[in-house]
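Enquirer: Quick one: the structure is below, and I'll ask about it shortly.
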Amino acid sequence: MFKKIIAFVLACMFVFSFAGCMKEQSPDETTEQTTAETANQPDEQNKESSGMLVPYMAGYKYDEENGYWTERFYGLMTADGKKVVEPVYDWCRTLECNGKKYYCMQILDNKWEDTCYNSLLVSADGTWQLELEDNIRAVSENRIICGQLDGIFTVYDYDGNKIFSGNENQSVDTNGNGFYNGLLVVFDFLSDNGYTTVVDENGEVVLDKLDYCGPFITGKAVASYNRDEGYGIITPEGEWLLEPKYVDIAEVDGKYFIASDYDKEYIYDTELKLLREREFGWSAVLRSYFLEDDGKLVRYYANMYAPDEYYRDAFTDEIIACGDVYATECSEEYGFFYGTNDGEFCIFDVNGKCLNECENTERVTVYEGTYAAFASSVERVWFNAATHEEIITVIDDNDEKWTDVSTAGDLGVAVIAELEHKQDGRMDGPYHLYDYKNREYIFRDCEYCEINEFNGEVYITAVYKDRIEIYDADLNLLIETENLCEK
């Protein structure tokens with residue numbers, strides 16, 4: 001689905017790491033007031049709230065000739081449809097830190113080069129906001145990280161004061177919070193004396209001249225002074241809790257460290273208590289981890305002597321299976337496994353409980369809130385990934401047609417996009433909103449339609465050429481605006 005692909009690519013561009021470097025100066029030397037306009041601190045609770053906010057689209061324009069969105073305008077409204085932030089922003093992202101949600105509204109200077117000249121950060125409860133003439137990348141408990149793509153990064157506090165910034169030689173990871181437990185890892189692989197540095201919230205160096213260091217998610221991090229000599233686990237004070245002698249160490253969901261050398265692997269908890277030591281044996285390739293809420297750690301192995309690849313319990317080596325069906329694929333986002341054996345196919349949980357039997361299925365592909373069971377090369381049965389309810393069966397009997405289905409939560413409705421390949425490689429077509437509990441269409445032939453989940457509530461956006469409509473989960477119309485891009 002071309003439109004969604006473009007949206008996804010743009011979203012990814014906002015979360016990729018960017019290049020930058022820090023100046024090792026004191027807070028007094030580097031702190032300066034910016035042009036930021038600030039309200040109150042985000043942790044203050046005595047301000048009157050405007051209610052939990054929801055992003056909404058009020059402008060949409062699709063370039064038919066070139067095959068991509070040329071304009072979108074976003075604003076913020078309350079859950080009952082009252083406008084709070086006018087729809088003048090090109091992009092809106094949701095950021096989280098310590099259980100708090102923020103919306104980052106951005107006006108872009110160049111949509112394709114990912115340059116931004118204005119960002120508005122708003123708490124999801126509407127009690128606080130901060131405007132910066134910079135590109136906000138990540139938020140942490142006390143700091144905000146900004147920076148343009150392939151440019152220097154800058155760290156601000158929540159008053160909009162610039163704390164420290166960098167130069168073009170280094171980069172920081174902003175896929176998470178950036179800062180973990182008040183520490184930020186800065187990578188330098190471009191300058192002549194490149195090394196990794198760990199700094200505190202004021203830019204003061206805590207650890208220096210590491211070859212590698214991971215984030216301090218648990219107050220300790222995987223690190224190395226020389227990768228050829230091995231990895232260990234280090235504290236902010238520079239104490240090695242595990243000596244840097246391992247070929248690899250992976251941190252899993254902030255709950256486990258898994259270290260390996262050439263002969264064995266070792267599973268530790270966050271306090272570095274050894275939970276299991278085992279020889280590699282039949283395990284040749286470690287692919288991924290899957291951690292359920294009940295604490296079951298599952299790993300994906302590839303057997304070096306046979307073509308079979310299965311998920312296994314990391315502590316018992318037991319293959320995760322449902323009857324005679326073995327787990328060969330995993331959807332970590334939705335928490336289920338799927339696989340085939342002797343022509344049988346099913347979806348099951350980490351304990352082997354069957355969630356859905358997919359008869360006559362050749363393969364399964366997971367999409368946005370859904371998965372499609374391919375009964376043949378042209379027939380697909382779509383299911384809700386959360387409830388495993390059947391949505392619809394579609395038949396795409398030629399290469400020029402492609403149907404995409406997406407859902408959110410347990411709403412019982414789905415967006416169905418009927419897309420066709422164009423001669424220039426684009427995919428375009430109408431969008432419909434479908435009630436699969438009652439087997440009837442609600443909206444037909446929209447320019448675009450999407451289902452979003454904000455603050456535990458579901459919202460539906462229906463885009464037409466002349467207007468845009470936003471509905472709640474009960475299909476009550478919350479807000480209707482002119483399509484600003486079609487004026």
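Enquirer: Name every residue in the range 193-220 that is of a type outside the set (Phe, Trp, Tyr), in a strand (DSSP E or B) and open to solvent by 40 Å² or more (accessible area, probe 1.4 Å), in order of residue number. Explain how you work it out, then say what you get.
Expert: Our first condition is that a residue be of a type outside the set (Phe, Trp, Tyr); within the range 193-220, this holds for 193-194, 196-211, 213-215, 217-220.
Pick out the ones that are also in a strand (DSSP E or B) and you get 196-199, 205-210, 213.
Answer for the range 193-220, where residues must be of a type outside the set (Phe, Trp, Tyr), in a strand (DSSP E or B) and open to solvent by 40 Å² or more (accessible area, probe 1.4 Å): Val205, Val206, Asp208, Lys209.
Enquirer: Something else about it: Scan the range 340-360 residue by residue and report those that are in contact (Cβ under 8 Å) with a residue 24 or more places away in the chain and on the phi > 0 side of the Ramachandran plot.
Expert: Gly352
Enquirer: Quick check on my filter: what residues within the range 435-468 are free of Cβ contacts under 8 Å to residues at least 12 places away in the same chain and closer than 19 Å to Leu76 by Cα?
Expert: Within the range 435-468, just Gly456 meets the criteria.
Enquirer: Given the options Glu71, Glu96, name the one that is more than 30 Å from Lys209 (Cβ to Cβ), at pLDDT 85 or above, in a strand (DSSP E or B) and open to solvent by 30 Å² or more (accessible area, probe 1.4 Å). First the steps, then the outcome.
Expert: Working: Glu71 fails: at pLDDT 85 or above.
Exactly one of Glu71, Glu96 is more than 30 Å from Lys209 (Cβ to Cβ), at pLDDT 85 or above, in a strand (DSSP E or B) and open to solvent by 30 Å² or more (accessible area, probe 1.4 Å), namely Glu96.
Enquirer: Looking only at residues in the range 127-149 that are open to solvent by 10 Å² or more (accessible area, probe 1.4 Å) and outside any strand (DSSP E or B), which one is nearest to Glu96 (Cα to Cα)? So that I can check it myself, show each step before the final result.
Expert: Here is the first cut: in the range 127-149, the residues open to solvent by 10 Å² or more (accessible area, probe 1.4 Å) are 127, 129, 131, 133-134, 141-143, 148-149.
Next cut, outside any strand (DSSP E or B) only: 127, 133-134, 141-143, 148-149.
On the way: Thr127: 16, Glu133: 21, Asp134: 19, Glu141: 10, Asn142: 13, Arg143: 13, Gln148: 20, Leu149: 21 Å.
For the range 127-149, the residue satisfying everything is Glu141.
Enquirer: Within the range 150-192, track down each residue that is part of a loop (DSSP other than H, G, I, E, B) and closer than 19 Å to Glu133 by Cα.
Expert: Residues satisfying the conditions are Asp150, Gly151, Ile152, Asp157, Tyr158, Asp159, Gly160, Gly166, Asn167, Thr174.
Enquirer: Still on this structure: Lys101 versus (1) in contact (Cβ under 8 Å) with a residue 24 or more places away in the chain; (2) of a type outside the set (S, T, N, Q); (3) assigned to a strand (DSSP E or B); (4) crowded, with 18+ Cβ neighbours inside 10 Å: which is the lone unmet condition?
Expert: The failed condition is (4).
Enquirer: What strands (runs of 3 or more DSSP E), lying completely within the range 361-410, carry at least 2 residues that are of a type in the set (Val, Ile, Thr) and free of Cβ contacts under 8 Å to residues at least 40 places away in the same chain? Walk me through how you get there before you give the answer.
Expert: Details: elements: 363-366, 370-374, 379-384, 390-395, 401-406.
It comes to 363-366, 390-395, 401-406.
Enquirer: Out of (1) closer than 22 Å to Leu76 by Cβ; (2) buried (at least 19 other Cβ atoms within 10 Å of the Cβ), the odd one out for Val186 is which?
Expert: Evaluating Val186 over (1) closer than 22 Å to Leu76 by Cβ; (2) buried (at least 19 other Cβ atoms within 10 Å of the Cβ) leaves (1) as the failure.
The values are calculated or read from the model by the stated rules, or taken from the named source; none is laboratory data. In this text the structure is predicted, and so the values were computed from the model without any measurement. Cβ: placed from backbone, ideal geometry, glycine included. Neighbour counts: every protein chain shown. What goes into the accessible areas is simple: the full protein's heavy atoms, side chains included, and nothing from ligands, DNA or RNA. Shrake-Rupley method; radii C 1.70, N 1.55, O 1.52, S 1.80 Å.
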